[in-house]
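Let me begin by presenting the structure, written as C-alpha cells, before commenting on it.
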Amino acid sequence: MLPGILVGTPALAQKVDREPLTYGDLLEKTEKGEVRKVELDETEQLAKVYLVGQKPDAPPIQVKLLDQNTELINKLKQKNVDFAEVSSANSRVAVGLLINLMWILPLVALMLLFIRRSANASSQAMNFGKSRARFQMEAKTGVKFDDVAGVEEAKEELQEVVTFLKQPERFTAVGARIPKGVLLVGPPGTGKTLLAKAIAGEAGVPFFSISGSEFVEMFVGVGASRVRDLFKKAKDNAPCLIFIDEIDAVGRQRGAGIGNGNDEREQTLNQLLTEMDGFEGNTGIIIIAATNRPDVLDAALLRPGRFDRQVIVDAPDLKGRLEILKVHARNKKIDPSVSIDAIARRTPGFTGADLANLLNEAAILTARRRKEAITNLEIDDAVDRVVAGMEGTALVDSKSKRLIAYHEVGHALVGTLIKDHDPVQKVTLIPRGQALGLTWFTPNEEQGLISRSQILARITATLGGRAAEEVVFGKAEVTTGAGDDLQKVTSLARQMVTRFGMSTLGPLSLENPNGEVFLGRDWMNKSDYSEEVAAKIDKQVREIVNNSYNKAKEILQENRLVFERLVDLLAEQETIDGDLFRKIVEENTTTQTSDEKLAVTS
C-alpha cells in the first residue's frame, strides 16, 4: 500500500496548467497532425502526449486510455507519430524495494551494534586478568637525579641500581649481586615517586609502572593473574624496572583482622611473593616499591631476596630544604631581596611537596597582586597559608578580639620566658583556617631528639593561652578557645609517661606507638598493664599538666606589665613579628629586674 501511495502521489498532486485531453480529443488531434510523440503505459492505462509546438521542458499531457486502443495505434501509424510502449512496473518495484530497505537497514544496524558490544564484552572478559601496568621501552619521564634534591642518601643508594643496569660487570666482577627489590619508605610528599621517575629517566631500560590498588579487583583470582602477566612481560623485556606505587594496598599482613583478612588480596600477595623470589626467580628484573606504611607490610615481603633494601626517604634537613627550594625556584621570578636560605630556616619539618606548594602559593599571590617578582611579603603569606590555612577576615575591636589577644600573647610570652623553648616567630590576630589567632614558634636548629625539659617547656607554653584567660578574667570566664591546646598537652604528657619513661613510674614503655590499623582493633586491642598501673598513669599525666599550668600562670603574673603592653600592641597592630616581640620582652624584663633590685637595696 505504501509504495502505491508514494508512487501515485506525484501524479495526483501534479498541477494541471492546461485543458485536459480526453481519448476522443487525442484521436482528433492525431488526425489533424498536432501530436508529436506519444508514450503508452499499458500498466497504468495512461498515454503521455507531446503536442506539436509544445515547449521542450513542458510536461506531457496525460490521457486515460481504454482497455483496447487499436484505433489510436492505427492512427498513430498512419500519421507517422513517434510512439512507444513504456511500463511503470519496474519503477514501482524499485521504489517498493527502497522503502522496504528503509525499514530493514535500521534493524540490521541495531543487530550489528549488539554484536559489536557482545564482542567487546567477551574481549574484555578475556583481557580482565591482563596487567594494567604502563610500559615504556625507554622511560622518558623528564626527570633526572639532578632534578631530585634533599634526599642525597637515597639518591646514592638508588644510583647503584642505575649503575648495575648500565654496567653490571662492575658488580659481577667482584661477586656482588644487585638487590632484587628496593623499598622506598617515607612520609607522604618526601619524593618517593619522584625518585622512581628519576631512576627510570637515568637507567634507559624498559620501565613498568603500576599502583598496588590496580592488582586487587572484586573478582577472585584477577589480582594474581595480573601479577603473573606483569612479570611475564617483564621477563620478556629483561633487564627492566618495575615500579609499584603504594604497595601496602596489596602487601598487607596476611591473616590480620576479623575473618582472617581479604582472601583475594592474600592470593595476590602470595603470587607477588612467588614471582619476586620463588622457584623460578626473576633474573634481570629490579622491583622498586614505595609506601608510607611499612609497619603494615607482610614480613615475607620485606625479607632479603625480595626487598633486600629499605631506603628511608625522610623529611629533608636544612641543607636538603635549601637544595629543594633552589630546584623549585628555577622557573620562578624571585626578587633579589628574598633569601632562599632564610626560607629554608623558617620551614623545619616541611617535605619536598610542602616546599613546592609554598613557592607555588607565593607565585599565585604575586600574580594576584600584579607584581613582577615574588617578594618576602608573598613568602610570609604563603608560609602562613601552607601551615595554617587561608586567611580570614580580621576581627573588629571588641571584647572577643581583646580576649584572643590575651590568649595568643599568653602563648608567646610563656614560650619566650621559659627555658628550652623554641623562639617565637610571629603572633597574629588574623584568623587562618579554623583558628581565630595564631602564634608561631620556629626552632633554631634541626631537632632529631627532644629532651624532657623541652617537652615540658612546650606543654607549659601551649597552656599559656588558657593560663592568660584565667589570670586576666578569672576561672569563670575561661573560654573554649584552648580546646585544641588541651588535646595536644594531654597527648604529650601521656607519651612522656607511657612511651618515653619520663615520669616517676620509671623507664617503662607501656603503650605501642603504632595503633592497630585493621578491622576490629577496638575489640581485640588489650592493654599491656593492669588497672592499678592505668590509675598511676592518669595521676602522672594530671601532675605533669597541672604543674605546667601553674608555672604558666606564675610567669604571666610575674610579668603582668609587659603582658598588658604586648596585648595592647597586638590589638592595635594585629601582628607582632618575633624579633620585635623578643625585644620588648627583653627590655621590660630587664627594667623590671633592676627595679626589684633597687627596692631590695633600699
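Looking for something under 16 Å from G320 (Cα atoms), of a type in the set (A, V, I, L, M, F, W, C) and at pLDDT 90 or above - is there at least one such residue anywhere in segment 365-377?
no
At pLDDT 65 or above and surrounded by 13 or more Cβ atoms within 10 Å (Cβ to Cβ) - does that describe any residue in segment 114-129?
no
Of the residues T442, T460, T479, which single one is of a type in the set (S, T, N, Q), crowded, with 21+ Cβ neighbours inside 10 Å and touching a residue at least 24 places away in the same chain (Cβ under 8 Å)?
Exactly one residue qualifies, and that residue is T460.
Filter segment 216-245 for residues that are surrounded by fewer than 19 Cβ atoms within 10 Å (Cβ to Cβ) and either at pLDDT 80 or above or under 20 Å from I178 (Cβ atoms) (or both) and give the result.
Across segment 216-245, the qualifying residues are R228, D229, K232, K233, K235, D236, N237, A238, P239.
Just to be sure before I move on: is G415 in the same structural domain as S451 (by TED's automatic domain parsing), without any contact (Cβ under 8 Å) to a residue 60 or more places away in the chain and not in a loop (DSSP other than H, G, I, E, B) in the structure I sent?
Considered against the rule, which asks whether it is in the same structural domain as S451 (by TED's automatic domain parsing), without any contact (Cβ under 8 Å) to a residue 60 or more places away in the chain and not in a loop (DSSP other than H, G, I, E, B), G415 comes out as yes.
Among the residues of segment 409-422, are any of a type in the set (S, T, Y) and surrounded by fewer than 18 Cβ atoms within 10 Å (Cβ to Cβ)?
no
Select from segment 373-395 the residues that are of a type outside the set (S, T, Y) and not in a helix (DSSP H, G or I) and list them in ascending order.
Once the filter is applied, which keeps residues that are of a type outside the set (S, T, Y) and not in a helix (DSSP H, G or I), segment 373-395 yields A373, I374, G389, M390, E391, G392, A394, L395.
From (1) under 22 Å from N376 (Cα atoms); (2) of a type outside the set (D, E, K, R); (3) surrounded by fewer than 18 Cβ atoms within 10 Å (Cβ to Cβ), pick out the condition that doesn't hold for L355.
Checking L355 against (1) under 22 Å from N376 (Cα atoms); (2) of a type outside the set (D, E, K, R); (3) surrounded by fewer than 18 Cβ atoms within 10 Å (Cβ to Cβ), the one that fails is (3).
Count, please, the residues in segment 324-352 that happen to be crowded, with 21+ Cβ neighbours inside 10 Å and touching a residue at least 60 places away in the same chain (Cβ under 8 Å).
Final tally of qualifying residues: 3.
Just the residues that are surrounded by fewer than 14 Cβ atoms within 10 Å (Cβ to Cβ) and at pLDDT below 80, please, taken from segment 520-548.
G520, R521, D522, W523, M524, N525, K526, S527, D528
Residues are listed down the side, and each one gets a yes or a no for (1) part of a loop (DSSP other than H, G, I, E, B); (2) out of contact with any strand residue (DSSP E or B) (no Cβ under 9 Å at 6 or more places or on another chain):
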residue: D420; (1), (2): yes, yes
residue: V427; (1), (2): no, no
residue: G448; (1), (2): yes, yes
residue: T460; (1), (2): no, yes
residue: E470; (1), (2): no, yes
residue: G483; (1), (2): no, yes
residue: L486; (1), (2): no, yes
residue: V489; (1), (2): no, yes
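Applying the selection to segment 283-299, what residues are surrounded by 17 or more Cβ atoms within 10 Å (Cβ to Cβ) and either more than 25 Å from the chain's Cα centre (by Cα) or part of a strand (DSSP E or B) (or both)?
Hits for segment 283-299 are I285, I286, I287, I288, A289, A290, T291, L297, D298.
The values are calculated or read from the model by the stated rules, or taken from the named source; none is laboratory data. The shown structure was predicted, so the numbers you read here are calculated from the model rather than taken from an experiment. Don't worry about glycine lacking a Cβ; one is built from the backbone with ideal geometry, like all the others, and counts go over all protein chains shown.
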